[in-house]
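Okay, so here's the structure we're looking at.
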Amino acid sequence: MPLVVRKLFRRRIVLAAAIALAIVVLVATFAGTISGQDPNETAVAQRLAQPSLAHWLGTDELGRDLFARIAFGGRYSLIIAALTALGAVAAGTLLGLTAGFFRRLDAPLMRVVDAMMSFPDILLAIALVGILGASMLNVVLALVLVYTPRVARVVRASTLVVRELTFVEAARAIGGSNARILSRHILPNLVSPITVQGSFIFAYAILAEAALSFLGVGVPPEMPTWGTMVAGSQAYAHQALWIVLFPGLAIIFTALSLQLLGDGIRDLLDPRLRKSM
Amino acid sequence: MLVVMSLVAVLVFALTRAAPGDPIAVLLGDQATAEDIARVQKVYGLDRSLPEQFALWLKELAHGNLGDSIFLQRPVTRALWERAEPTTLLSLLAVAIATLIGVPCGVVSAVFRGRAIDQLFTGFAMLGASVPSFWFGLVLMQIFAVSLGWFPVSGYGEPGASLAARLHCLVLPATVLGVLNSALIIRFTRGSMLDVLDEDYVRTARAKGLPETSVVLKHALRNALVPIVTVIGLTVALMIGGAVVTETVFGLPGVGNLVVSAVTRRDYPVIQGALLVVAAIYVIVNFLIDLLYTVVDPRVSY
C-alpha cells in the first residue's frame, strides 16, 4: 500500500469510514445476490411487515422487501452522486485553472461564480431540474451546475498559490508552453484539494438528490432511489416508521462516511488543520 | 455587489428561457389551436426576440415589477409577499436555534479540546451535515406531532389564526432546520476559538488571575467573533434554501412551497422572481455582515 494511503488509514475513524463506504458500494453492486429478493416483487399480504429474518428491514406499503429496495436504490443514488462529483470536479477544475492562471480572465469568471453561488444549492437545483425536465441525466446536469462553482473557487485559490512557485518559473524559463505548465506542473499539485472537494461534493450530491427526489422534482418516482423511497412511503410512516427510517439511515451512513473520508484527506494535507477537527 | 446582482439577473433570465417546453401550450391545454397559442404568447410578450424580452424584463424589474404569474393570475411580487411570512419567521427562528446551539457547543468543544465532550460535539457536527432535512423532519413529526400530539402535524393553522398559533406550527420545522444547520456553526466556532485560545493575550488574562469564564467569554470569544458572525450569516442564506424542503414536509404555505409548485407548472415568472429575490437577500445579507465586522472588530474599517 502506498505510504499516503497507509498514513491516511492510521486514523481509525478514517479507516472505518473507508470500510463503511466499501460496504455500501458492494451491497449496491451485488444487491440481488445479497438480498436474494426482487426489489419490485409485491406481496400485498405481507405489506408493512416488521423487520424479520425473511425481510431483514421489513416490507413497504406494497409488501416489497425494504432491504432489497435500499440496496438497488443505492445503485441509482450512488451513480447520480458519483457522476455529479466527477462532472463538477472536471468542470470546476477547468474553470478554476483558467481563472487562476490567466489573470485577465480571473475577475470576469469569478464574478459569474459569485453570482452562481448567490443561489441556495437546493433552490437552484430545483429550478434547473424544473426547467430541464425530471430525468436522471438532468438531475446530474443540474447538480453539476450547482457544485461546479464550489470546486472552481478552491481550484482557483490553489492555482494562485502554485503559479508563483519557483518550479513554475523554471518551467517557463526553459520554454514550457502554458498548456504544458498547467497540465504537468500545476495540475499535479492540485490533486489533493480537488480530491477533498470531490469527496465532499459526493456527499452533498447524495443529500441533494434525495431532497430533489423527495420533492418530486428529481428522478422519476418509479425509479427507486433513497429519496423517492422516503417520498413514496411517507404516508405510511405512522403505521410503520421503519419504511421511512431505513432509507434515511442509508443516506446518513453514506454521506457521513464520505465526509469523514474527505476530512481525513484534508487533515493529511494540512497538518495545521488536524487540531481543529 | 452590483456586478454580482446584475449577473444574477442575466443568469436568472437565461436559465428560465433555456427551458424546453412552452408554458403557454401547457396553460391552454390540448384543445388550443396554434392561433390561440400565438395570441396568448403576444399577451405575455413571448413572441418577441430574446434580447427584446430581456430588455423588457429589466425595465419592469427596475420598476419593482417581477411580472405576472402565468397560473396564479396575480403579480409575482404579490404572490411572493403573500408567502413571505412563514418563510421569514421559519428562517429567523431556525437561525436563532442554530446559533443558540452552535456557539455554546463550539466554545465548550474548543475549551475542552480532545476530551469526551469535544468528541461528542464534533461528532454531532459531522452527523448534522449528513442528515437529510426531509427525513429528520418526518421522524420528528412522527414522534412529536403524531405520537405525542404536542404540535400540529402540518399546515400553518386556520386562516386568521393568531401569531402564537402560527408560531406553534413553526416549532418543529424550525427545530429541524436549526439543529441541522448548527453543525456548521459548531465547527466554525470551535475552529475560531482554538486559534484564539493559543494567543498571548489569553495567557496574559489567565496570568493576571481572571476567572476562566471571563477569560473564555470576554477575551477569547470576543476576538473569535468575526468568523462566527460570517458563518451565521451564511446560515441565513442556507436557511432560505433549506426552507424549501422543510416547508414541503410540514405543508407550510411559504416561498419554498410556491417555487416547488411553480416548477412543476413551468410558471417562469414565479421561478424567475423567487430566484432573483432569494439571491438578492443573500447578497444583501453578505453585505450587512461585512458592515457588521466593523462593530465586531473595531480594527476593520472601510
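Since every read-out is calculated from the coordinates, none of them should be taken as a lab result. Predicted model only: the values in this text are computed from it and were never measured. All Cβ positions, even for glycine, are placed from backbone atoms using ideal geometry, and neighbour counts span all protein chains on display.
Here are the numbers:
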item	result
Extension reserve of the residue B:60-residue B:78 stretch, reckoned as 0.36 nm per residue once the Cα distance is removed	5.0 nm
Rounded, prolate or oblate (a/c below 1.5 giving rounded, otherwise prolate when a/b exceeds b/c) for chain A by Cα gyration tensor	prolate
Shielding of B:132-145 by partner chains, average beta-carbon count, 10 Å	6
Residue A:180-residue B:212 FRET efficiency (beta carbon distance; Förster radius 51 Å; 0.05 resolution)	0.35
Likely footprinting exposure, A:66, B:72, A:261, fewest C-beta neighbours within 10 Å first	B:72, A:261, A:66
Three-way shape label, region A:134-262, alpha-carbon gyration tensor, a/c 1.5	prolate
Relative contact order, percent, chain B [alpha-carbon distance under 8 Å, six or more residues apart]	26
Mean Cβ neighbour count within 10 Å, used as a protection proxy, ranking B:246-259, B:126-139 highest first	B:246-259, B:126-139
FRET efficiency estimate (nearest 0.05) - Cβ-Cβ, residue B:100 to residue A:164, R0 35 angstrom	0.20
For the protein assembly as shown, average projected area of the Cα convex hull in nm²	32.8
Overall form of region B:177-302 per C-alpha gyration tensor (a/c, 1.5; a/b vs b/c)	prolate
Of the trypsin sites (Lys or Arg not before Pro) in region B:190-284, those whose Cβ has at most 16 other Cβ within 10 Å and which sit in DSSP loop	B:208
